[in-house]
Amino acid sequence: MNENSERPQQRLRGGWNADLLPGLTTAAVVVPKALAYATIAQLPVQAGLFAALVPMVVYAVLGTSRLLSVSTTTPIAILCATAIGEALRADPGLDPLTAAATLSVLVGLMLMGARVLKLGFLANFISEPVLTGFKAGVGFVIVVDQLPKLLGIHIHKEGFFRDVASIVGHVPELSWPTLAVALGTLAVIGLAHRFLPRSPAPLLAVAAGITVSAVVGLEAAGVSVVGAIQGGLPVPQLPQPSLFEAMWPAAAGIALISFTESIAAARAFVRPEDPPIDANRELLALGAANVAGAFIGSMPAGGGTSQTAVNLNAGAQTQASSLVVAAAAFATLLFLAPVLALMPHATLAAVVVAYSIGLIAPAEFEAIRKVRTMEFHWALYACLGVMMLGTLKGILVAIVLSLVGLMSMANNPRVSEIRRKPGTNVFRPIAPEHAGDEEISDMLIVRPEGRIYFGNAAVVVAKVSELARVRPPQVLLFDCAAMPGLEYTSLKMLVESEERLRRQNVELWLAALNPEVLDLVRRTPLAERLGRERMFFTVEQAVAAFEARASGANQPGVGLS
């Protein structure tokens, strides 16, 4: 039986004793962050707990990762904020949890539809540099979004750069008690990470904020607090179909980010003894998790890298740890709602900032720049796209950049001149460090790299023509070893190139054709024109045949039998 087909009860059996403590440790991180992310999404804080409840359980049963912790994440929360904010502006009387339910069910249906279409390959749809830039842009947007709560000021939000200017203009109005709470929360998180690295820093920060609020009476001092929370059992929520048309673009973006983040986290933390991650099964699990969560008003859910890392480091063995997290979220709803009502908004904002600032990773930008300047520019453009256009349009920028990057690389394949290493039969591209490599007199050897198709065939022909112009040959030898395939347009151009070269008294030879390319060549007039004498298994054989002919001998090629 395939490991991915193991029954959920087999996967969870025996895991309770081993996963109880890791689950509680992970819950200490997940629950406070879920509360904070709900505030980003412009939802009541219980919507975050709902995401750590039903979606967590459904994924634990259906998912293929034993460690992935599924609730919600920073990018998902900021995307929700845009969609839900627009829905609430269009209908001020709309229940935010109804909006959340509608968005979640759309996200879930899209993910499940993607599973039906077997679109698991979309896990790699956004390139890593573009995703790095997108996350950094989200990080900047979240920090600016939370700054007013840290400072105790109010601004009218009009976009990233205008919001920055507005915050600067309102700084003289800041609330010193609110700022003190925010700085105190950040200090607790920082000190916990520094001196108690295995401690649940978010939980400690939230507990400190609630304690100070209760003892000092922060609300009376002008510090905004969360206020009444609807505790107890979740109230069933029904999606509102009339919102589908307005929300589907946001849902598509959230579905893409949810899946991309989830699959990346699942693969990053898979252990050698774990079953492989099945991308299409993950689509089903995440889709079902979102649809199920929608009916209690959960915000959209996805796997988070940081909380999955906590789960792993705490020693979790199976998804039983996620069931423990869900139980902790449920207990919080039942028993801790009155306590959470005392939590300062500045505390939640500080938690958000502390765990969102990591999305801005200068080291990753620098690593990309050292490898490829062009992709470093893509990362910068994706980051600026989010800040200038907003998160939803920023996703489109990220996708377009990824596609443009893919097309740019595919449409500009490398074409190298090949020479022989002295004293050997090794043929390699010319390079400054190989300045002593030998030319084959009157023969130009070129090696196109990559699949040649209608989008890049003209570029390849132009590059080969330039090499032939610099060093005109009697024989132009195509080394096809790095060319996995051709399509009709490129094959036709190859036939036409042979005709043009023949008129210029230049012979076209082919070497190292793989079976696919050889079969395609055989279906054209080119095969008859080249015959056995100009098609070879290897470059070495072709060069030997050319040198033998120059000395009056002859050596056949691969033949066409």
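The values are calculated or read from the model by the stated rules, or taken from the named source; none is laboratory data. The shown structure was predicted, so the numbers you read here are calculated from the model rather than taken from an experiment. Note that we place each Cβ from the backbone using ideal geometry, even for glycine, and neighbour counts take in every protein chain shown.
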Residue pairs meeting the criteria (Cβ under 7 Å; at least 6 apart or on separate chains; first at positive phi, in segment 375-404; second assigned to a helix (DSSP H, G or I) and among the hydroxyl-bearing types (Ser, Thr, Tyr)): GLY390/THR82
Test result for LEU88, outside any helix (DSSP H, G or I), modelled with pLDDT of 90 or more and closer than 28 Å to GLY394 by Cβ: no
Of the listed residues (VAL397, VAL351), the one being of a type outside the set (S, T, N, Q), under 25 Å from the mean Cα position of the chain (by Cα) and within 30 Å of GLY232 (Cβ to Cβ) is VAL351
Any residue at all in segment 232-251 that's within 27 Å of ALA341 (Cα to Cα), buried (at least 16 other Cβ atoms within 10 Å of the Cβ), in contact with a His (Cβ under 9 Å, 6 or more places away or on another chain) and not assigned by TED's automatic domain parsing to the domain that holds LEU35? no
Within segment 261-295, how many residues are surrounded by fewer than 21 Cβ atoms within 10 Å (Cβ to Cβ) and of a type in the set (S, T, N, Q)? 1
Which of (1) in a helix (DSSP H, G or I); (2) in contact with a Gly (Cβ under 9 Å, 6 or more places away or on another chain); (3) buried (at least 24 other Cβ atoms within 10 Å of the Cβ) does ALA349 not meet, given it meets every other one? (2)
Could you check, for segment 435-455, whether at least one of its residues is surrounded by 15 or more Cβ atoms within 10 Å (Cβ to Cβ), of a type in the set (Asp, Glu) and in contact (Cβ under 8 Å) with a residue 40 or more places away in the chain? no
For residues that are surrounded by fewer than 14 Cβ atoms within 10 Å (Cβ to Cβ) and free of Cβ contacts under 8 Å to residues at least 12 places away in the same chain, scanning just segment 405-428, find the one that is farthest from ILE40 (Cα to Cα). GLY423
Report yes if SER298 is crowded, with 23+ Cβ neighbours inside 10 Å, among the hydroxyl-bearing types (Ser, Thr, Tyr) and out of contact with any strand residue (DSSP E or B) (no Cβ under 7 Å at 6 or more places or on another chain), otherwise no. yes
Condition first: assigned to a helix (DSSP H, G or I) and either of a type in the set (Asp, Glu) or within 9 Å of ALA51 (Cα to Cα) (or both). Now tell me which residues in segment 272-288 satisfy that. GLU282
Of the residues in segment 97-122, those that are buried (at least 20 other Cβ atoms within 10 Å of the Cβ) and polar (S, T, N, Q) come to THR102, SER104
Tell me which of these ASN514 doesn't satisfy, since it passes every other one: (1) surrounded by 15 or more Cβ atoms within 10 Å (Cβ to Cβ); (2) touching a Cys at 6+ places or on another chain (Cβ under 9 Å). (1)
